[in-house]
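Please read the structure below before turning to the comments.
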Amino acid sequence: MVAGGAPPPLDRGATQLPAGAAVPADASVTVAAGAVDTVGERARAAAPAHRYVVVTDDRVGPLYASRVVASFGTGRSIDVLTVPHGESAKTRDTWARLTDELLALECGRDTTLVALGGGVVGDLAGFVAATYMRGIPIIQVPTTLLAMIDAAIGGKTAVDTPAGKNLVGAFHPPAAVVVDPSVLRTLPARHLRAGVAEAIKHGVIADAAYFARLEADLPRILSPGGADSVAMSALIAGSIAIKSAVVVTDAHERGRRKILNFGHTIGHAVEAATGFAMLHGEAVAIGMAIECRLAELSGTAVCGITEQVCAALDTAELPTVAPSDLDRAAIVRLTHADKKARAGAVEYALPHAIGEMAGADRGWAVPLPDAFVREALV
Ligand SMILES: NC(=O)c1ccc[n+]([C@@H]2O[C@H](COP(=O)([O-])OP(=O)(O)OC[C@H]3O[C@@H](n4cnc5c(N)ncnc54)[C@H](O)[C@@H]3O)[C@@H](O)[C@H]2O)c1
Ligand SMILES: [Zn+2]
C-alpha cells in the first residue's frame, strides 16, 4: 500500500506539507517483525523533515521509545514527549500540553511526529499533527492490535470531550504506518483480545475466507508466542487490507465506510452504559452479537449468522451478551446518542451474510425501530 499522487509542494523550508485533503488514505504500510527498529529510515523516506518528535505514553515509552530513537541514527537528537496512558489522556488538555511542548522545543513546520503507542496515542498525536502549524506529517507506529488493524489505518484523529468520545478531531492520513507484530508480546492479553474483536468484524463485513481462516487461527494467535506467529501476521495484514480497501473508496464516511460501524452502534451504547469500564473491543464484541441478532430479526441477514459470529467471539474469549446488571432501557436510549442516529431512527450497519453487508442500495445503513433492539438485547 503505497501513497500515490503528485508529491506535495514545498513551503518555507518545509520538506513536506502535511497529508491533507489531496492525499489518499492508503499511506505506505509496513508489517514486519523488527520494524520498530526501522522507523527512522522509514520516516525519513516517507516524511523527510528537519526535526522528528516521538509522542508516546508512559507504558509504551519505557518499552520501545529508545529503539525508535536509535533507529534514526546517532547523529540526530530526537525528542520524546510522553503522555499518561489510557483513554483519560485523550483530551483537549493533553492536546494543548503537547502543542505547547512542541512550541517550547521551537519545532517548525519542518517537523514530523511519530506516534508510538495504542489508539489513544495515535488519535491524540494525530490530532496534534493535524493542527500544529496547520498540519505536519505523522508516522503511525501502532503498538496494540486494535491500533495496528484499525486506529492507525484510515486517517481519523480525535480527542474526547466531556460530551462524548472523538467529538473534536480531523481527517489526517499518516505519511506511513509501521507495524511490528513482535511488540504485541508485551501487550496485556485482555487488550489483545479486544483487538481481535475488530479483526472478526473485518471478516464479517468484507471477507468470508478471511473470517474462516481467522477463526481457525485464533487459538494460535491467543496462545503464548502468538505475537510471533504467521497467523498473527496474516491477521494484521488481512485486516489492514480490508480496512484500507473500505476507506480508500470513502475516506470521509459518506457511504461504504459506514460498514465499519458494524457492531458499533450497540457497542458504543454498551461501552457508555458501563461508564467505559469495558474495553472498546469487548463492547464491540457484544455489539456484533446483538446486531447480528437484529439482522436476523429484521430479515436483513441469513439465518444462523448470529451463531457463526458468536462462535468466533467465544473462541476469542470475548463477551457476547451485555452484563446482566446493565439496564437494557439505558442501552436503547444510548443508541440514540450515537452519531449514526439521524432524524430519530437509529441506523445500523448490518450483515447479510458473513463477508457481505446489507443495505448497499440504502447507503449501507439500515434504520430500525427500538422494538427490534429491545428484542435482540436478550
Ligand atoms: N482513529 C480511528 O480510526 C480509531 C479506530 C478505533 C479506535 N480508535 C481509538 O483508539 C483508542 C483505543 O486504542 P487502544 O485499544 O489501542 O488503547 P490504548 O491506546 O489505551 O492502549 C491500551 C493500553 O495498552 C498499553 N500498551 C499499548 N501498546 C502496548 C504494548 N505493545 N505493550 C504493553 N502495553 C501496551 C497502553 O499504554 C494502554 O495502557 C480509543 O481512544 C479509540 O477511540 C480510533
Ligand atoms: Zn471499533
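None of the figures in this text is laboratory data; all of them are computed from the coordinates on show. Computed from a prediction, not measured in an experiment: that's the story for all the values here. Cβ coordinates were reconstructed from backbone atoms using ideal geometry, including for glycine residues, and neighbour counts include every protein chain displayed.
The table that follows gives values for the structure above.
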item	result
Two-decimal Rg to Rh for the range 28-186 - Kirkwood Rh, Cα set	0.92
Cleavage-rule hits, trypsin sites (Lys or Arg not before Pro), the range 232-291, DSSP coil, Cβ neighbours within 10 Å at most 14	Arg254
Overall Cα dimensions of the chain - principal axes, largest extent first, Å	62, 45, 40
Loop-located chymotrypsin sites (Phe, Trp or Tyr not before Pro) in the range 255-358, at most 15 other Cβ atoms within 10 Å (DSSP)	Phe276
Ellipticity estimate at 222 nm from DSSP helix runs (n ≥ 4, -39,500 (n - 2.57)) divided over the chain, nearest 500	-12000 deg cm²/dmol
log10 of Debye I(q)/I(0), alpha-carbon scatterers only, for the range 128-168 at 0.17, 0.30 Å⁻¹	-0.57, -1.04
Relative contact order (%) - criterion: Cα under 8 Å, at least six apart; region: the chain	15
Under-12-angstrom lysine pairs by C-alpha in the range 189-376, whenever the two are 8 or more apart or on separate chains	4
Span-rule helices in the chain, defined as complete DSSP H runs reaching 20 Å or more along the axis (Cα) with Kyte mean at least 1.6	230-249
Linear extension gain, Ala212 paired with Arg362, 0.36 nm per residue minus alpha-carbon span	51.2 nm
Dimensionless Rg/Rh of the range 189-376 - Kirkwood Rh, Rg from C-alpha atoms	0.95
Ranked by how many other beta carbons lie within 10 Å on average, peptides 229-241, 61-73 from highest	229-241, 61-73
